[in-house]
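In what follows, a single structure is set out as structure tokens and then discussed.
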Amino acid sequence: MNSNNLLIDLIQARNLWSSVYLPYRVEGIFDGTAGKAGSSVNNVVIVDYDYFFTYLSENLNPDASADFRSRLSTIPLRDYSQFVMVNLPPPRADVYNNADFAVVRQRAISHFSIV
């Protein structure tokens with residue numbers, strides 16, 4: 001199995017869930033999507049990709065095999081991303097408050113090049 005199909009292969013190989021409930025601690029609640037999702041989206045949950053599958057594998061059906069849990073926790077979730085959204089650090093307005101587009105572009109590129 002290659003990593004691009006590993007998740008699908010694992011799910012099809014084992015019918016271990018119809019729903020998975022994960023115990024999360026709410027870190028914050030905000031009004032609106034704050035630019036994190038489209039205006040038509042009503043419910044948004046932001047989860048760190050680096051830890052999601054590890055956390056998921058720890059909270060699966062107790063009958064899931066150790067091999068399945070181990071393989072699930074090593075899936076590179078970033079391989080499944082359709083896009084990456086990055087924000088400038090606060091205060092963002094400072095970066096954009098310049099009439100010279102070249103300066104704004106260079107400030108953004110400088111920040112995002114480290115991402």
**Fill in**
Under 5 Å from the placed amide H of Leu88, counting only residues 5+ away or on other chains, we find none
**Asked** How big is segment 64-115 on each of its three principal axes, counting only the C-alpha atoms and giving the largest first in Å?
**Response** 59, 18, 17
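Just so you know, all these numbers are worked out from the coordinates, no wet-lab data involved. It should be emphasised that the depicted structure is a prediction, and the values quoted were computed from it without experimental measurement.
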